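One structure is given here, and the rest of the page talks about it.
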Amino acid sequence: MISKNQNETCLIKGARIASFNKEISGSIKDVLIKKGRIAAIGDIFEPAEKVIDGDNCIVAPGFIQTHIHLCQTLFRGLAEDLPLLDWLKKHILPLEAAHDPDSLYDSARLGLIELIRGGVTTFMSMETVHNSDSVFQAAVESAMRAFIGNALMDMGDDVPSNSKMTTQQCLSESRRLIDRYHNSNSGLVSYAFAPRFVLTCSEELLSQVASKAEELGLLVHSHASENRAECALVKRTFGVSNIEYFEKVGLAKPYLCLAHCIWVSPQEMEILRRNDIKVLHCPGSNLKLGSGIADIFTMKRMGVKISLGADGAPCNNTLDPFNEMRLAGLLQKLKYGTDAISAREIFRIATLGGAECLGINAITGSIEIGKEADLILIRADRPHNIPNDETDIFTQLVYSTRADDVIMTMVGGKILFENNEVIPFDEDEVKSAAGKSLNSILNRIDL
Ligand code: GUN
Ligand code: ZN
């Protein structure tokens, strides 16, 4: 069924196109959308139900953020100046444990508004242990493409007691959420298992997740090798390093998506490559938590698939995909020289690379005929974007453009953001509810 903001046909007229096809990349084209898919690219004179003026704009594939935590959006700015393990123990795990269904719903809606405004069309989010229905509900309302999973934690001294479940409880909650939400909202919403990280998951839980993911064809989303103290603790506890441990428990598979992967040895990189494990690069979070610089230059050259994510709001403190692209490019320049990774490659990682990591590159991630119209329109005529037509389009997108240059976001042909309005949500209501929810959380805990 076509809804109010989805037209049978839509024509984006005369925008510069951020295409990976070198023949048309950067030139002015029209993009015709029919029934939610890209139907034609070129000089199009066919009438359409809705015409969007792309003059002085760039039309680009929507961003795909493969690692975020919508449940943490409310905690932006509340856990500052700490390294990972203290940041988790002192603030994030207790704050997450104090969520109730309403506060989770508000946290997720706030994050989704920021993502939609920034031109993100697909995301993968790790939630907290309980009440993930609230986040699935918000994702369904957003009409975005979403991969969501409840955090699985069945061990760990620092995990609050009400957040730790037994192995069986973890698996049965996953099963309940899969039955309820996987492949829901016309296929836009998927479930992805989310064992939080090696330090909070028993070997039994990880190997059970491996066999369930294999059986059901689902992704597994986790954190690995983010921080030196975390890596040392993993080695001390399990006798092997993070990536080796994932291999030992049977999770070294193409469906495994690992955030961070900063402190990985050449042997571990080889495990990533050999098993087609996906790396979710989070440069903003890696800097803010002082974790380190991931060597995506080497991993990419080896053939490891890389994508980008902002991580949670309290370790970044923004969900802006342009910020992640810029940092990803700048950090590799610092480490490997100015020509380490081109702007085109960085933009590809932020879009098609994300789709490859999530296994959806056949349907989204680039502007190609037949793909879903997951598209954004970006103003390119503001002073910080000039000169415009003369500049390489990817250089402009990665190094000059900002989230507030996005003027339209569309998923599967449905417009989610236009005329400065986020259509699925009442932004003022969400902001006010978020403030009240945070107050109630802070009243429930004593940090
Ligand atoms: N490792 C385990 N949990 C988390 C989390 O919530 N955020 C980050 N950045 N790292 C983690
Ligand atoms: Zn994370």
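The values are calculated or read from the model by the stated rules, or taken from the named source; none is laboratory data. This one's a predicted model, so the numbers in the text were calculated from it and none came from an experiment. With ideal geometry, Cβ positions are generated from the backbone for all residues, glycine too; neighbour counts draw on all protein chains shown. Note: areas computed on protein heavy atoms with side chains; ligands, DNA, RNA excluded. Shrake-Rupley method; radii C 1.70, N 1.55, O 1.52, S 1.80 Å.
What number of residues within the stretch 282-292 satisfy the criterion of being away from ligand 2 (no atom under 12 Å from the Cβ) and crowded, with 24+ Cβ neighbours inside 10 Å? So the answer is 1. Does SER190 satisfy the condition of being closer than 21 Å to GLY309 by Cβ, away from ligand 1 (no atom under 16 Å from the Cβ), at pLDDT 95 or above and open to solvent by less than 30 Å² (accessible area, probe 1.4 Å)? For SER190, the condition - closer than 21 Å to GLY309 by Cβ, away from ligand 1 (no atom under 16 Å from the Cβ), at pLDDT 95 or above and open to solvent by less than 30 Å² (accessible area, probe 1.4 Å) - is met. For the stretch 198-227, a residue qualifies if it is open to solvent by less than 20 Å² (accessible area, probe 1.4 Å) and within 16 Å of ligand 2 (Cβ to nearest atom), and the qualifying residues are VAL198, THR200, CYS201, VAL220, HIS221, SER222, HIS223, ALA224, SER225, GLU226, ASN227. For the stretch 216-259, a residue qualifies if it is more than 15 Å from ligand 1 (Cβ to nearest atom) and among the basic types (Lys, Arg), and the qualifying residues are LYS235, ARG236, LYS248, LYS253. For the stretch 281-322, a tally of residues being free of Cβ contacts under 8 Å to residues at least 40 places away in the same chain, within 15 Å of ligand 1 (Cβ to nearest atom), in a helix (DSSP H, G or I) and under 22 Å from ALA355 (Cβ atoms) returns 1.
Could you say whether any residue in the stretch 79-99 is crowded, with 24+ Cβ neighbours inside 10 Å, under 22 Å from the mean Cα position of the chain (by Cα) and within 17 Å of VAL430 (Cα to Cα)? Before you say what the answer is, go through the steps one by one.
Taking the stretch 79-99 as the starting set, the residues that turn out to be crowded, with 24+ Cβ neighbours inside 10 Å are 88, 95-96, 99.
Among the residues that remain, those that are also under 22 Å from the mean Cα position of the chain (by Cα) are: 88, 95-96, 99.
If we keep only those that are within 17 Å of VAL430 (Cα to Cα) as well, we get 99.
The answer is yes; a qualifying residue exists.
Listed residues GLU372, GLU324; which is surrounded by 21 or more Cβ atoms within 10 Å (Cβ to Cβ), closer than 22 Å to SER190 by Cα and among the acidic types (Asp, Glu)? Outline the logic, then answer.
On the way: GLU324 fails: closer than 22 Å to SER190 by Cα.
Just a single option satisfies the conditions, and that option is GLU372.
In this structure, PRO195 qualifies as more than 21 Å from PRO321 (Cβ to Cβ) and either within 16 Å of ligand 2 (Cβ to nearest atom) or modelled with pLDDT under 95 (or both).
Output the qualifying pairs, or none if there are none: Cβ atoms under 7 angstrom, residues six or more apart or on different chains, first residue in the stretch 242-258 and of a type in the set (Gly, Ala, Ser), second residue open to solvent by 10 Å² or more (accessible area, probe 1.4 Å) and outside any helix (DSSP H, G or I). Within 7 Å, the pairs are ALA252/ASN275.
Among the residues of the stretch 265-280 satisfying the criterion of being open to solvent by 20 Å² or more (accessible area, probe 1.4 Å) and either without any contact (Cβ under 8 Å) to a residue 24 or more places away in the chain or β-branched (Val, Ile, Thr) (or both), which is nearest to LEU334 (Cα to Cα)? Let's see the steps before the verdict.
So in the stretch 265-280, the residues open to solvent by 20 Å² or more (accessible area, probe 1.4 Å) come out as 265-267, 270, 273-276.
Applying the additional criterion that residues be either without any contact (Cβ under 8 Å) to a residue 24 or more places away in the chain or β-branched (Val, Ile, Thr) (or both) yields 266-267, 274.
On the way: PRO266: 20, GLN267: 24, ARG274: 28 Å.
For the stretch 265-280, the residue satisfying everything is PRO266.
Whether any residue in the stretch 404-412 is over 20 Å from CYS57 (Cβ atoms), part of a loop (DSSP other than H, G, I, E, B) and at pLDDT 95 or above is what I want to check.
Taking the stretch 404-412 first, the residues over 20 Å from CYS57 (Cβ atoms) are 412.
Narrowing further to those that are part of a loop (DSSP other than H, G, I, E, B): 412.
So of that shortlist, the ones also at pLDDT 95 or above come out as 412.
Within the stretch 404-412, one or more residues are over 20 Å from CYS57 (Cβ atoms), part of a loop (DSSP other than H, G, I, E, B) and at pLDDT 95 or above.
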